[in-house]
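What follows is one structure encoded as structure tokens, with my remarks underneath.
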Amino acid sequence: MNVRAASGGSFTRTKPIVLLTGLAMTALGIAVLINPIGAVDALVRIIGWILVAYGVVTLVLAFVRGDPINNARADLAISVLFLILGIVMAFFSGGFVKVVWSIIGALVFVTGVLDVLEAGTFRRDGSPLALPATVSGIITAFLGLAVLILPFFTVEIAMLLAAVALIVDGITEIIFGLSM
């Protein structure tokens, strides 16, 4: 069965496109593997500049075609929000990553602590899930704390895992493309 028949005829993947996709994914994975923090920095900056452009365009459009009573305030607020967020991401990418990653670390840490507290309830009820829930909560809290203490190290680990996934998927696409 070919890809078109399996997908109900909604799209067709041609050999050149599959090979090109595989090569691009593999190359991107290798680039991220070589410099994971640089890849995060570049990605945040690119998204920042996209948000800046979006903010400027929507700001201009809010003044040009906006309804002064109903929609202009919302358009202006959203435009300014995207513009500010984009500027922060484009010019302060390292700080942005550290703040966002620290928020994620704090949320994971709190989740782990709450899981340990919940495991105490399991223990009081005599549930066999008490020990696994306690261990899981401790591991979760520990990982959240690691993200809080070492944000760039854990970002680097996450990017290395993503790089390996991109390389494996890219090679898989190349093999699939060659077999077409």
For Ile37, the net charge from surrounding residues (Cβ-Cβ under 13 Å; K, R +1; D, E -1) works out to 0
By how many nm would the segment from Val110 to Ile149 lengthen if fully extended, with 0.36 nm per residue of separation less the alpha-carbon distance? 12.6 nm
Taking every other residue with Cβ under 12 Å from the Cβ of Thr26 and scoring Lys and Arg +1, Asp and Glu -1, one gets -2
If I model a spin label at Glu118 and Ala74 as a point 7 Å from the Cα along the Cα→Cβ vector, what separation in nanometres do I get? 3.5 nm
Given the C-alpha centroids of the stretch 130-180 and the stretch 9-60, what is the distance between them in whole angstrom? 19 Å
Hey, if you put +1 on the Cβ of every Lys and Arg and -1 on every Asp and Glu Cβ in the chain, which of Pro132, Val64, Val40 ends up farthest toward the positive end of that dipole? Val64
Taking Lys and Arg as +1 and Asp and Glu as -1, residues besides Gly94 with C-beta under 13 Å from its C-beta add up to 0
Angstrom value of the Kirkwood radius, inverse mean 1/r, which spans all Cα pairs in the chain: 20.4 Å
Output ³J(HN,Hα) for the stretch 23-34: one whole-Hz value per residue in order, computed from phi by the Karplus curve 6.51 cos²θ - 1.76 cosθ + 1.60 with θ = phi - 60°, and x for Gly and Pro. 5, 5, 5, 5, 5, 5, x, 5, 4, 5, 4, 5
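None of the figures in this text is laboratory data; all of them are computed from the coordinates on show. All values reported here derive from a predicted model rather than from experimental measurement. Heads up, the Cβs are rebuilt from the backbone with ideal geometry, glycines too, and the neighbour counts pull from every protein chain shown.
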